[in-house]
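Okay, so here's the structure we're looking at.
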Amino acid sequence: MSKGKGRTTATDLAGPGSKILAGGFSPRLCHRLAACIAAMATLETISSPIIPYIAAWREHEKVIWYEYVGAKFLALLGCDREEVDEVFRQSIVDRRLYRYADRESKVEEEIVTRAELRGDQAGLREEVKKAGAVEFVYQLALPEGKRIWLKDQANIEVFVEDRICLSIGCLTEVTKEMEQKDLLEKIGYFDELTKLPKRTILQRILEMNIGNLRRGHVTDFVFLLLDIDHFKAVNDMHGHQAGDQILVGFAEVMRATKRHEDEIGRYGGEEFYGFSIGSLNNGIQFAERLRQAVAGSEFVFDRERVPVTVSVGLVAASQLAGDGEISAEELVRVADRRLYLAKEEGRNRVVFRG
């Protein structure tokens, strides 16, 4: 937009955060940015539900800044235009990508946490630059405990002579849709008796972390299969009501023992599972904490103490790395084999070899 008395310029619309219009970049980049800013400012006047923005970054640098942000974005974040870069970064809980699996209609969900986004900024930007487009969903934590979800759709334009990339796009609030999705997942994924996640969510956990391992977001993780020892004898001696009470109590011990970042769930029957990011040694410590906590807990049915112990089969992703492609099926198979060895060797133990 041209400068003139009484006229609003692209620099005015961009605000003081504009680094490009204020300093020494190519005419091609400046003209393109000015045209996009003018178009987005017009879009905002029609009260559209979408929130336009233009972000920019220099190649090989970490910082992303906003050349233009819609007023609705500032209102959602509760900040001024000068603060939007930092406030948005600090608000991110995770970023999600949804895509169809090959030759299937099932939708895969890839979750990248805020820590992972910070740890691999260069790699993630190269991904979107190569793709030429962005389509993510961000979960944001706002002040006073409020959570919102924003869908981000944008095209990436590269200006080689300036070593600048522009992300020209729009945000759409999809909080209601994501909350409904989470509710449906909780209904479908949680075991009615123990209130732990079902086996159905395990495949998703393993596949997501196998992907994170391949991309270098994590260096290792461990998977555990746990089986309550002599559970059939408990049912035979005390009845199925006692068995159900033992399962509920076992789940409570697991919840109380795991760390915040660990995952646990019910695999089926008297079998449960655990998952943790970290090395084999960290996994062994996790498994031993669970085993010792179960052995040291008091399980009572009808005023009678019922002794309960657990056997654990454990596998680390690093143990399978030399065997070629890691899969969720292979992780389960190896953990199950080691669980069988724990039973064979006398029960109430953790096996992580063989």
Quiz item: List, please: which pairs have Cβ atoms under 8 Å, are six or more places apart or on different chains, and start with a residue in segment 269-294 that is on the phi > 0 side of the Ramachandran plot and end with one that is part of a strand (DSSP E or B) and of a type in the set (V, I, T)?
Solution: G278/V222
Exercise. Return yes or no: is F275 buried (at least 16 other Cβ atoms within 10 Å of the Cβ) and assigned to a strand (DSSP E or B)?
Key: yes
Quiz prompt | Scan of segment 197-207 for residues that are surrounded by 15 or more Cβ atoms within 10 Å (Cβ to Cβ) and under 20 Å from R333 (Cβ atoms), ordered by number | solution = K198, R199, I201, L202, R204, I205, L206, E207
Practice problem: Go through segment 337-354 and count every residue that is among the aromatic types (F, W, Y) and outside any loop (DSSP other than H, G, I, E, B). | Solution: 1
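This table checks each residue for (1) of a type in the set (V, I, T); (2) under 22 Å from L213 (Cα atoms); (3) part of a helix (DSSP H, G or I).
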site	(1), (2), (3)
Q241	no, no, yes
R259	no, yes, no
I284	yes, yes, yes
G313	no, yes, no
E325	no, yes, no
A335	no, yes, yes
Quiz item: How many residues does segment 210-228 contain that are open to solvent by less than 10 Å² (accessible area, probe 1.4 Å) and under 29 Å from R347 (Cβ atoms)?
Solution: 7
Quiz item: Here is a list of conditions, (1) open to solvent by 30 Å² or more (accessible area, probe 1.4 Å); (2) modelled with pLDDT of 95 or more; (3) among the charged types (D, E, K, R), and D236 meets all of them except one; can you say which number that is?
Solution: (2)
Quiz item: All but one of (1) part of a helix (DSSP H, G or I); (2) open to solvent by 30 Å² or more (accessible area, probe 1.4 Å); (3) not basic (K, R) hold for E298; which doesn't?
Solution: (1)
Quiz item: Only one residue in V253, V332 is in contact (Cβ under 8 Å) with a residue 12 or more places away in the chain, β-branched (V, I, T) and under 15 Å from T194 (Cα atoms). Which one?
Solution: V253
Quiz item: Can you tell me which residue in segment 180-202 is farthest from the chain's Cα centre (by Cα), limited to those that are at pLDDT 85 or above and part of a helix (DSSP H, G or I)?
Solution: R199
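A quick yes/no check of all residues on (1) within 16 Å of F136 (Cβ to Cβ); (2) of a type in the set (A, V, I, L, M); (3) surrounded by 15 or more Cβ atoms within 10 Å (Cβ to Cβ):
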position	(1), (2), (3)
W57	yes, no, yes
Y68	no, no, yes
L74	no, yes, yes
V84	no, yes, yes
Quiz item: Among the residues of segment 163-196, which ones are open to solvent by less than 20 Å² (accessible area, probe 1.4 Å) and touching a residue at least 60 places away in the same chain (Cβ under 8 Å)?
Solution: I164, C165, L166, S167, G169, L171, T194, L196
Exercise. Among residues belonging to segment 307-329 that are touching a residue at least 60 places away in the same chain (Cβ under 8 Å) and over 29 Å from the mean Cα position of the chain (by Cα), point out the one that is surrounded by the most Cβ atoms within 10 Å (Cβ to Cβ).
Key: V310
Quiz item: Residues G249, G265: which one is among the small types (G, A, S), buried (at least 17 other Cβ atoms within 10 Å of the Cβ) and closer than 26 Å to R333 by Cβ?
Solution: G265
Quiz item: Where residues in segment 21-34 are free of Cβ contacts under 8 Å to residues at least 12 places away in the same chain and assigned to a helix (DSSP H, G or I), which of them is surrounded by the most Cβ atoms within 10 Å (Cβ to Cβ)?
Solution: C30
Quiz item: If W149 satisfies every condition in (1) within 11 Å of V93 (Cα to Cα); (2) more than 18 Å from the chain's Cα centre (by Cα); (3) among the aromatic types (F, W, Y) but one, which is the exception?
Solution: (2)
Quiz item: Which of the residues that make up segment 115-143 are within 14 Å of E173 (Cα to Cα) and open to solvent by 60 Å² or more (accessible area, probe 1.4 Å)?
Solution: E135
Practice problem: Would you check which residues across segment 55-74 are among the β-branched types (V, I, T), under 24 Å from the mean Cα position of the chain (by Cα) and either within 19 Å of S26 (Cβ to Cβ) or not in a loop (DSSP other than H, G, I, E, B) (or both) and list them? | Solution: I64
Quiz item: Does segment 1-20 hold any residues that are at pLDDT 60 or above, under 36 Å from the mean Cα position of the chain (by Cα) and in a loop (DSSP other than H, G, I, E, B), and which are they?
Solution: S18, K19, I20
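The values are calculated or read from the model by the stated rules, or taken from the named source; none is laboratory data. Keep in mind the model is a prediction, meaning the values are calculated, not measured. In this analysis, Cβ positions are derived from the backbone assuming ideal geometry, glycine residues included, and neighbour counts consider all displayed protein chains. Note: accessible area is taken over every heavy atom of the protein model, side chains too, but ligands, DNA and RNA are not part of it. Shrake-Rupley method; radii C 1.70, N 1.55, O 1.52, S 1.80 Å.
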